[in-house]
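Here is the structure we will look at.
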């Protein structure tokens with residue numbers, strides 16, 4: 001359902017999101033990484049953040065579930081962008097940083113623990129993980145896209161359920177999209193303990 005939405009609307013979604021200013025959350029994440037760290041952009045969408053991390057000197061691997069979006073991200077970043085779902089992630093201790101900005105929110109709540117364990121296992125011990133969800137509780141469908149919303153309590157419960165992760169920072173931030181100024185986001189930084 002959600003991946004079909006992005007296939008049908010790839011160009012519009014690319015145009016709407018590629019210019020969003022994510023410099024503040026990227027900086028919060030990047031300052032916890034060593035220079036040249038390996039970063040996985042999981043569900044990279046337009047490739048906006050993958051490109052910024054690459055330009056900063058990180059070794060970036062990126063993927064998206066939508067073939068059309070992955071192609072646009074490839075063109076935008078000049079990087080190889082794989083077509084892959086979260087359920088197909090199988091890296092083991094391959095990345096110092098994991099960036100999942102506004103992407104895991106499309107995973108049904110029942111599947112989040114297993115998906116997030118796969119991603120956790122892709123991090124080296126000590127690795128840092130940024131993730132963000134629309135702020136709220138429960139699951140919903142909007143115009144052909146599925147959303148799992150989280151608040152602080154639900155995020156803490158999810159992290160406890162997954163295991164092997166600790167919260168480094170958590171906050172609620174306003175939307176960075178001018179067209180939805182009243183939307184709020186839960187942003188979380190996790191660490192896989194050494």
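Among the residues of segment 39-60, those that are crowded, with 20+ Cβ neighbours inside 10 Å, touching a residue at least 24 places away in the same chain (Cβ under 8 Å) and not in a helix (DSSP H, G or I) comprise 39, 40, 41, 42, 43, 44, 45, 46, 47, 58. Scanning segment 138-188 for residues that are touching a strand residue (DSSP E or B) at 6+ places or on another chain (Cβ under 9 Å) and in a loop (DSSP other than H, G, I, E, B) gives 151, 165, 175, 176, 181, 182, 183. Any chance you could count how many residues in segment 168-188 are without any contact (Cβ under 8 Å) to a residue 24 or more places away in the chain and either on the phi > 0 side of the Ramachandran plot or within 16 Å of the chain's Cα centre (by Cα) (or both)? Here the count works out to 3.
If you check residue 150 against the conditions, is it touching a residue at least 24 places away in the same chain (Cβ under 8 Å) and within 27 Å of residue 13 (Cα to Cα)?
Taking the combined requirement at face value, the residue satisfies it.
Just the residues that are more than 16 Å from residue 127 (Cβ to Cβ), surrounded by 14 or more Cβ atoms within 10 Å (Cβ to Cβ) and touching a helix residue (DSSP H, G or I) at 6+ places or on another chain (Cβ under 8 Å), please, taken from segment 12-38. Residues satisfying the conditions are 13, 14, 17, 18, 20, 22, 26.
Consider residue 34 carefully, then state whether it is part of a loop (DSSP other than H, G, I, E, B) and in contact (Cβ under 8 Å) with a residue 40 or more places away in the chain. Explain how you work it out, then say what you get.
Numbers: part of a loop (DSSP other than H, G, I, E, B): yes; in contact (Cβ under 8 Å) with a residue 40 or more places away in the chain: yes.
When the stated conditions are applied, residue 34 passes them.
Taking segment 74-90 as the range and being assigned to a loop (DSSP other than H, G, I, E, B) and more than 11 Å from residue 42 (Cα to Cα) as the test, the residues that pass are 78, 79, 80, 90.
Would you mind finding the one in 110, 102, 71 that is part of a helix (DSSP H, G or I), out of contact with any helix residue (DSSP H, G or I) (no Cβ under 7 Å at 6 or more places or on another chain) and either under 24 Å from residue 15 (Cβ atoms) or in contact (Cβ under 8 Å) with a residue 40 or more places away in the chain (or both)? Quick ask: steps written out before the conclusion?
Details: 110 fails: either under 24 Å from residue 15 (Cβ atoms) or in contact (Cβ under 8 Å) with a residue 40 or more places away in the chain (or both); 102 fails: part of a helix (DSSP H, G or I).
Result of the check over 110, 102, 71: 71.
Each reported figure results from applying straightforward, stated rules to the coordinates on display, with no laboratory input. The model shown is predicted, which means the values in this text are computed figures rather than measured ones. Here Cβ is always computed from backbone atoms with ideal geometry, including for glycine, and neighbour counts include all displayed protein chains.
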